[in-house]
Every structure is written in C-alpha cells, then in structure tokens.
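Enquirer: Below is one structure. I have some questions about it.
The values are calculated or read from the model by the stated rules, or taken from the named source; none is laboratory data. Just so it is clear, the model here is predicted, and its values are computed rather than measured. We place every Cβ from the backbone using ideal geometry, glycine too, and count neighbours over all the protein chains shown.
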C-alpha cells in the first residue's frame with residue numbers, strides 16, 4: 001500500500017506536536033525533561049495512526065528505553081505495515097542551552113525497507129547531487145574526494161565547503177582540510193541536519209563527512225534519498241558487545257560499505273520539525289496563544305521536498 005498524503009499529514013503532526021511539547025524546556029538546562037516530553041508525545045501521536053508500525057531505530061533497546069525502543073510495536077492497526085525510525089530530539093543540548101538546530105525527527109517506510117541500524121558509530125559521506133556519483137567514495141583519500149568535487153563543480157579547492165562534527169576524533173580530517181584551505185562548517189551536534197546541508201545550494205555545503213551515530217545516518221539517508229544526493233556509510237564496531245548486537249540484527253559483513261539504496265528502499269516519508277531555529281527550519285514560536293512550527297518534509301513517492309508551516313493551540 002503506498003504512503004499517501006493523509007499519512008504524510010499525520011507524520012507531520014507527530015514531529016510538530018513532539019517539538020511543541022518540549023518547547024517549554026528551551027533554555028532551561030533540562031535536556032532529559034525535554035527529551036522525555038518529546039518522546040512521550042511522539043509515541044502517543046504515532047499510536048493514534050491506523051498503522052502496524054515497528055520501531056527499527058529509536059531511543060535504545062528495551063533495557064535502556066521505556067518507550068520508542070527498538071522493536072516496539074506502534075499504531076492502531078490496519079493494512080499498512082511500516083518501519084519507523086525516530087529521534088524525538090536531535091540536539092538535546094541545543095534545547096537545554098537554547099542553541100540553534102534542535103529538531104524532532106521521524107522517518108517511515110514500508111515494512112522491511114528501512115535499515116535496522118545498531119547503536120554504534122558510522123563513518124559517513126554525503127555529497128550534493130550536482131557531483132557525479134562516482135566522483136566520491138568513502139574509500140577514496142580525503143584529498144581525492146575534495147579535488148573531484150572541485151572539478152565536478154568547476155570550483156577551486158579552497159571554494160569547496162565541507163561540513164563535519166567538531167570532535168577530537170576528526171582532528172586529522174580537520175588538519176588536512178586546513179592544509180588544503182578547504183572551507184569548513186564545523187558543527188557541535190546535529191548529525192542528521194549536518195548531512196542534510198548537502199541537499200540545497202543555499203546551505204553552501206558540498207560534502208558532509210566523518211564519524212557520527214549510525215542511527216542518525218539512516219535517518220539522514222532517508223531524507224537525502226528524496227533529493228537524489230549521495231550517501232554512504234560504514235559501521236564502526238569498537239568492542240565485542242557491538243559486534244554481537246550487530247550480528248543479532250543480521251549484519252554479517254562488519255566492514256561493509258552501505259550505499260543509500262541499501263539503507264532505505266522503496267517509498268518513504270521523512271519529517272524534521274524545528275525546536276530551535278536552525279539552517280534547515282525555524283524553531284517553535286509562541287505568539288497570541290498559538291504555536292507555529294516549521295517542518296521539513298520529504299516524500300520520495302511524490303518527489304516532495306518542502307517546508308510545511310503549522311499553527312496550533314496545543315497546550316504544552
């Protein structure tokens with residue numbers, strides 16, 4: 001059964017309501033309360049939809065998350081069987097400290113079409129759709145990727161912009177980019193939104209790269225798919241426990257490089273609602289007893305990539 005407009009509207013409602021529910025914690029240095037409010041609300045709203053849903057990416061495993069845990073069944077039932085990936089608050093620190101870029105995120109796809117990613121790190125690469133597919137690769141040296149992007153876009157190397165998380169683990173990458181005089185957009189958090197910077201020219205980002213969360217990689221890939229951009233990822237397993245969990249999820253080749261079509265298949269819906277103002281969308285605003293939200297929505301089946309603005313009078 002196709003993912004239709006009625007379902008899109010309901011999924012938009014899930015993230016926008018979740019974002020509004022944690023608005024009262026913005027700037028209050030209460031990231032756990034913000035995350036709980038968004039998680040509770042997101043779960044409640046999904047359970048109002050006539051679907052048979054299963055969480056494949058969530059707040060953690062059953063022993064770590066009381067709700068929206070991996071494997072949790074959601075929805076009121078019906079003919080539509082869905083995989084669900086959620087991040088009720090991407091950027092809890094952003095909410096706590098009233099910093100830009102906090103989002104409430106969800107992706108849904110037909111059953112079996114959304115990769116069940118282990119909670120481990122992933123080495124990622126996302127590239128603008130204006131760059132030929134074979135010009136970049138996770139296995140290429142950084143210098144080759146940057147030079148190929150510059151050539152494809154008819155730019156000088158020092159006009160190429162790379163986005164990555166500002167982390168000690170990326171020191172070698174950052175040092176090399178500095179040596180090449182490549183422009184950098186260093187972000188403190190926001191793995192999903194960072195990858196989405198390659199989707200539009202207005203963001204002025206040509207490549208997103210580096211090591212971040214595996215589940216966030218799947219969420220980003222599901223959005224990037226609708227923009228026809230490139231995404232690759234390879235999981236990083238740091239200990240025996242990571243390896244054991246991965247094998248339980250059916251991952252056999254621990255060194256496999258996943259392309260976008262292996263992470264997200266078929267039709268999908270992605271929604272990201274702003275909690276605080278960011279590059280992708282504006283945050284929640286409260287004025288005249290009304291909450292206004294902005295949601296980035298993608299729907300591969302209808303080639304939809306747009307911003308939806310909603311006004312609600314929901315009390316949070």
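Enquirer: Quick check: anything in segment 56-71 surrounded by fewer than 14 Cβ atoms within 10 Å (Cβ to Cβ), in contact with a strand residue (DSSP E or B) (Cβ under 8 Å, 6 or more places away or on another chain) and over 14 Å from residue 103 (Cα atoms)?
Expert: Checked segment 56-71: at least one residue is surrounded by fewer than 14 Cβ atoms within 10 Å (Cβ to Cβ), in contact with a strand residue (DSSP E or B) (Cβ under 8 Å, 6 or more places away or on another chain) and over 14 Å from residue 103 (Cα atoms).
Enquirer: Conditions first: (1) over 22 Å from residue 301 (Cα atoms); (2) in a helix (DSSP H, G or I). Residue 7 passes all but one, so which condition is the exception?
Expert: The failed condition is (1).
Enquirer: Still on this model: Would you mind finding the one in 202, 287 that is free of Cβ contacts under 8 Å to residues at least 60 places away in the same chain and more than 24 Å from residue 136 (Cβ to Cβ)?
Expert: Unique residue meeting the criteria: 287.
Enquirer: Out of 126, 102, 85, 109, report the one residue that is in the same structural domain as residue 221 (by TED's automatic domain parsing), buried (at least 22 other Cβ atoms within 10 Å of the Cβ), at pLDDT 95 or above and within 19 Å of the chain's Cα centre (by Cα). Explain how you work it out, then say what you get.
Expert: Numbers: 102 fails: in the same structural domain as residue 221 (by TED's automatic domain parsing); 85 fails: in the same structural domain as residue 221 (by TED's automatic domain parsing); 109 fails: in the same structural domain as residue 221 (by TED's automatic domain parsing).
Result: 126 is the single residue among 126, 102, 85, 109 that is in the same structural domain as residue 221 (by TED's automatic domain parsing), buried (at least 22 other Cβ atoms within 10 Å of the Cβ), at pLDDT 95 or above and within 19 Å of the chain's Cα centre (by Cα).
Enquirer: Taking segment 204-222, which residues are buried (at least 16 other Cβ atoms within 10 Å of the Cβ) and over 16 Å from the mean Cα position of the chain (by Cα)?
Expert: The answer is 205, 206.
Enquirer: Among (1) over 20 Å from residue 223 (Cα atoms); (2) surrounded by 19 or more Cβ atoms within 10 Å (Cβ to Cβ), which single condition is residue 75 missing?
Expert: Going through (1) over 20 Å from residue 223 (Cα atoms); (2) surrounded by 19 or more Cβ atoms within 10 Å (Cβ to Cβ) one by one, residue 75 breaks only (2).
Enquirer: Now for a different question. Name the one entry in 36, 10, 5, 31 that is over 21 Å from the mean Cα position of the chain (by Cα) and surrounded by fewer than 20 Cβ atoms within 10 Å (Cβ to Cβ).
Expert: Numbers: 36 fails: over 21 Å from the mean Cα position of the chain (by Cα); 10 fails: over 21 Å from the mean Cα position of the chain (by Cα); 31 fails: over 21 Å from the mean Cα position of the chain (by Cα).
Only one candidate passes the filter, namely 5.
Enquirer: Do we find a residue being exposed (fewer than 15 other Cβ atoms within 10 Å of the Cβ), touching a strand residue (DSSP E or B) at 6+ places or on another chain (Cβ under 7 Å), part of a strand (DSSP E or B) and without any contact (Cβ under 8 Å) to a residue 60 or more places away in the chain anywhere in segment 292-302?
Expert: The answer is no; no qualifying residue exists.
Enquirer: Determine, yes or no, whether residue 254 is touching a helix residue (DSSP H, G or I) at 6+ places or on another chain (Cβ under 7 Å), surrounded by fewer than 19 Cβ atoms within 10 Å (Cβ to Cβ) and not in a helix (DSSP H, G or I).
Expert: yes
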